[in-house]
Every structure is written in structure tokens, then in C-alpha cells.
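Peer 1: Got a structure for you, written out below as C-alpha cells; questions coming shortly.
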Amino acid sequence: MTFVFLVLAIVAEVIATSALKASLGFTRPLPSVVVVVGYGLAFYLLSLVLRTLPVGVAYAIWAGLGIVLVTLVGIFVFGEKPDLPAVIGISLIVAGVVMLQVFSKMNVH
């Protein structure tokens, strides 16, 4: 269940972050509520993940996948266009997450 919780935490965080942009500085009520509920759920689920995964690994996966998914939301929902340096940077982040996941031997004490 750890990775299910992690995926759900990432999805909740991506929804909350997307709603944060849509809230226009917390001036729009519905997106503002989605931000608060989404981040609350995301951090609760992440706290469950940290029972079994090391914080560094969990956070790397959370941040890496979150960055990729928020970038995709930015492209397809908000019409944002990442330039070449952004694409290269995001690719390096993904490579780092894969490196941690595949090769790291970190364990929870």
C-alpha cells in the first residue's frame, strides 16, 4: 500500500498546486478550497508513506513526479510552454528519481 499512498499523495498535491494557480492568489473560493483540502490530503498520505519509506526517497519521488505532472498540467491546462532548459532540467530530475528508486539501498530504521 505504500506506493499506492505515495501515488495518491502526488496526485492530491498536483491537483492542489494546479488549483493554487487557478485560485488567483486565494481570491477565488472554489479553487482555494481545493488547495487547502488537496494539500491536507497530500501531506496526510505522505505521512503514511513515511512509515515505510525513507524520507529522502519518498520526497524525491514525490517532488520528481510532482514536477513532471504539474508541468504537464501547465502545458495542457494553462497553455504554458517549457523551453529547452526546462525540459532538460526536468529530465535530470526524473533521472535522479529513477536512480534513487532503482539503485538506492536506503531503509527505514
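Peer 1: Add -39500 (n - 2.57) for each DSSP H run of 4 or more in the chain, then divide by its residues: what number comes out at 222 nm, to the nearest 500 deg cm²/dmol? Provide the component values of the computation, followed by the final result.
Peer 2: Numbers: 4 runs with 84 residues, N = 109.
So the calculated ellipticity at 222 nm is -26500 deg cm²/dmol.
Peer 1: Convex hull over the alpha-carbon atoms of the chain: what's its volume per residue in Å³? Before the final figure, lay out the partial values.
Peer 2: Numbers: hull volume 11.0 nm³, N = 109.
Per residue, the Cα convex hull of the chain comes to 101 Å³.
Peer 1: Now for a different question. Among Thr27, Thr71, Thr2, which comes first, second and so on when ranked by fewest other beta-carbon atoms within 10 Å? Kindly include the intermediate steps, with their values, before the conclusion.
Peer 2: Values: Thr27 8, Thr71 16, Thr2 13.
Result, fewest neighbours first: Thr27, Thr2, Thr71.
Peer 1: Then there's this: Identify, among Ile61, Leu46, Ile93, the residue whose Cα sits farthest towards the positive end of the charge dipole of the chain, taking +1 on the Cβ of Lys and Arg and -1 on the Cβ of Asp and Glu, with the dipole about the Cα centre.
Peer 2: Among Ile61, Leu46, Ile93, the one farthest towards the positive end of the dipole of the chain is Leu46.
Peer 1: Under 10 Å, Cα contacts only: if you run a Gaussian network model on the chain, which one of Pro85, Pro31, Pro54 comes out with the highest mean-square fluctuation?
Peer 2: Greatest mean-square fluctuation among the candidates belongs to Pro85.
Peer 1: To continue, here is another question. Below 8 Å between Cα atoms, with a sequence gap of 6+, how large is the relative contact order for the chain in percent? Kindly include the intermediate steps, with their values, before the conclusion.
Peer 2: Working: 97 pairs, mean separation 32.3, N = 109.
This gives 30 percent for the chain.
Peer 1: Going by how many other Cβ atoms sit within 10 Å of their own, how do Val4, Val73 line up, fewest first?
Peer 2: Working: Val4 11, Val73 16.
Taking fewest neighbouring Cβ atoms as first place, the list is Val4, Val73.
Peer 1: OK, next. Pick out, in residue order, every one of the chymotrypsin sites (Phe, Trp or Tyr not before Pro) in the stretch 70-109 that is DSSP loop and has at most 12 other C-beta atoms within 10 Å; say none if there are none.
Peer 2: Details: sites: Phe76, Phe78, Phe103; in loops: Phe78.
Listed in order of number, the matching sites are Phe78.
Peer 1: Sort Lys81, Lys105, Lys21 so that the residue with the fewest other Cβ atoms within 10 Å of its own Cβ comes first and the one with the most comes last.
Peer 2: Numbers: Lys81 7, Lys105 4, Lys21 16.
Ascending Cβ contact count within 10 Å gives the list Lys105, Lys81, Lys21.
A short reminder: the numbers here are calculations on the coordinates, not readings from a lab. What you are looking at is a predicted structure, and each value in this text was computed from that prediction instead of being measured. When we count neighbours, we look across all protein chains shown, and the Cβ atoms used for this are built from the backbone with ideal geometry, even at glycine.
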